[in-house]
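Would you mind keeping the following structure in view while I ask a few things?
Rule-based calculations on the coordinates, nothing more; no lab input. Everything quoted here is computed from the prediction, not taken from an experiment.
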Amino acid sequence: MGQVLRNEEVEGVEKVEALAAIRLLLLTGCRRNEILTLRWEDVDLQRGFLLFPDSKTGRKIIPLTPAVAEVLEGLPRIPGNPYVLPGRGGNGHFIGLFHVWERIRDKAGIPDVRLHDLRHSFASFGAGGGLGLPILGKLLGHRNVATTARYAHLADDPVRVAAEGVSGEIAQALNGR
């Protein structure tokens with residue numbers, strides 16, 4: 001995916017706003033409309049957060065990571081347009097992400113992956129990295145941990161590593177070590 005996004009940037013085939021939207025979706029776990037309707041006034045680069053005053057589950061604050069800040073700092077600001085990802089002609093926010101995503105995912109060889117699946121990927125990476133469901137839920141803006149559990153699909157490798165660790169400790173205890 002990263003290589004496809006870099007190639008598209010270099011070749012200038014897709015709009016900068018669309019590529020930035022995909023990166024922001026991957027890097028934040030935010031919902032599509034949260035990213036597309038994000039306004040510059042809700043980006044605090046100094047204190048390091050993104051504010052979503054009216055997300056699906058209410059007000060939400062997301063920490064601004066260096067990777068997210070880098071994407072944001074690379075975006076042009078359009079005078080008179082409040083959106084981080086402005087639309088054509090400088091009016092409104094960017095639209096048409098679905099069509100761009102279809103082309104990007106086909107080039108990346110993942111034709112069945114939906115835009116919303118990027119949110120699931122964020123959760124899965126977090127869970128695989130050892131983050132607990134309450135923390136992931138806070139990042140995703142979930143009110144219920146059960147919702148987060150549905151998002152955080154663990155890959156086989158982290159599950160295997162965890163199982164081997166637990167099993168290894170028990171085996172050592174059984175063997176008196």
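For volume of the Cα convex hull per residue in Å³, the listed values are [x] 179; [y] 149; [z] 139; which was obtained by calculation from the structure presented?
[y]
Right, something else. Multiplying the sequence separation of Ala67 and Asp106 by 0.36 nm and subtracting their Cα-Cα distance, what value in nm do you get?
Net length gain for the segment: 11.6 nm.
How large is Rg over Rh for region 15-67, taking Rg from the Cα atoms and Rh as the Kirkwood inverse mean of 1/r across Cα pairs?
Using Cα coordinates only, the ratio equals 0.93.
Please compute the alpha carbon radius of gyration of region 18-121, then divide it by the globular-protein estimate 2.2 N^0.38 Å. Two decimals is fine.
For region 18-121, the normalised Cα radius of gyration comes out at 1.05.
Next question. On full extension of the chain, what length is gained from Asp54 through Asp42, given 0.36 nm per residue of separation minus the C-alpha to C-alpha distance?
So the extension gain works out to 3.2 nm.
What lysines does Lys56 reach when the alpha-carbon gap must be under 28 Å and sequence neighbours fewer than 8 apart in one chain are set aside?
Cross-link targets: Lys15, Lys138.
So if each residue of separation counts as 0.36 nm, and I subtract the Cα-Cα distance between Asn7 and His116, what length gain in nm does that give?
In short, 37.0 nm is gained.
Further question on the same structure: Between region 1-21 and region 53-120, what is the C-alpha centre distance in whole Å?
Cα centroid to Cα centroid, the span is 12 Å.
Continuing with this model, one more query. Tilt of helix 156-174 relative to the longest C-alpha principal axis of the chain, in degrees (0 to 90, nearest 10)?
That works out to roughly 20 degrees.
Quick one: helix 16-28 against the long Cα principal axis of the chain, what's the angle to the nearest 10°, folded into 0 to 90?
Once rounded, one gets 30 degrees.
Gaussian network model of the chain, Cα springs within a sub-10 Å range: biggest mean-square fluctuation belongs to which of Phe122, Phe52, Phe98?
Sorting by GNM fluctuation, first place goes to Phe98.
Which residue, Arg119, Arg23, Arg47, tops the fluctuation ranking in a GNM of the chain built on C-alpha contacts under 10 Å?
Maximum among the listed residues: Arg47.
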